[in-house]
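Down below is the structure, laid out as structure tokens.
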Amino acid sequence: MFNTTTHPQWNYTNLGPNKWATICPRFSVADNYQYQSPINIPLDSLANQHQSMPAITGSSIETNYFQDIFKPVIFNHSLHLLPTSHKQTITFNQITYRLDDIHIHRPSEHTLDKQTFPLEIHLVHRNDFGQATVIAIFVQPNQDGFLPFSNLSQAFKLDATLLLPPLAHYVNYIGSLTTPPTKGPINWIILTTHKSLSTPWLSAFKAIVPIPNTRPLQPTLGRPLNYY
């Protein structure tokens, strides 16, 4: 279940990312985890390498989302959408993870070939051992794009499947949380196809979260980036 445990005060301005590790010992220990997030995804390079490799059995994602009631909560400088049933799941590499939280960063935290997107949605899942897998979705505003919900101040019904672009390709890597404490390991699934969402909805989100809430890119440090 989503954890709203109170942490020491932090933000994206005077107590921003360059100071997070100094705020308390817990944040400092988490920051010492080697493989931090977010990172740049060198998509062109990974795709070219993939095409030149022999055919292999790739990793697989299966989603089991359905229409559920979500409760919007402002927490950790973002809008969080909390599912009420706690029964929505994904299966990744034959391990089942429950959907725990959906939240939004603007602009995007990860980049594709150094391209930044207006929004990045994180679907956070955890298994029975508390291990996390996060699906990251890049968003472009479009006047005719999908309107996920119209009211950001009360509970609403949503099928999280509608937030997903086509699952044609994705990049999987091991990193960290992108908010304090920035602990790892976190299993990241970065979808390489963006989703179009309604331009008015983006404006409504900006009114609720007026300050950009993005952690700067972190060094890749030679970690494996797996393209599927």
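The values are calculated or read from the model by the stated rules, or taken from the named source; none is laboratory data. Just so it is clear, the structure is predicted and the values come from calculations on it, not from any experiment. Cβ placement follows ideal geometry from the backbone for every residue including glycine, while neighbour counts extend to all protein chains displayed.
Residue check: is ASN18 assigned to a loop (DSSP other than H, G, I, E, B), modelled with pLDDT of 90 or more and surrounded by fewer than 13 Cβ atoms within 10 Å (Cβ to Cβ)? For ASN18, the condition - assigned to a loop (DSSP other than H, G, I, E, B), modelled with pLDDT of 90 or more and surrounded by fewer than 13 Cβ atoms within 10 Å (Cβ to Cβ) - is met. No other residue among GLN34, GLN49 is at pLDDT 95 or above, of a type outside the set (Asp, Glu), under 28 Å from GLY222 (Cα atoms) and not in a strand (DSSP E or B) apart from GLN34. Candidates ILE90, ILE69: the one that is under 23 Å from PRO166 (Cα atoms), in a strand (DSSP E or B) and in contact with a Lys or Arg (Cβ under 9 Å, 6 or more places away or on another chain) is ILE90. Here the condition is being surrounded by 21 or more Cβ atoms within 10 Å (Cβ to Cβ) and either aliphatic (A, V, I, L, M) or farther than 16 Å from TYR65 by Cβ (or both); of LEU167, LEU119, it holds for LEU119 alone.
Being under 21 Å from LEU43 (Cβ atoms), among the basic types (Lys, Arg), touching a helix residue (DSSP H, G or I) at 6+ places or on another chain (Cβ under 8 Å) and in contact (Cβ under 8 Å) with a residue 24 or more places away in the chain is a condition met by no residue of segment 179-186.
Within segment 183-222, the residues that satisfy the criterion of being over 14 Å from PRO38 (Cβ atoms), exposed (fewer than 13 other Cβ atoms within 10 Å of the Cβ) and among the aliphatic types (A, V, I, L, M) are ALA207, ILE211.
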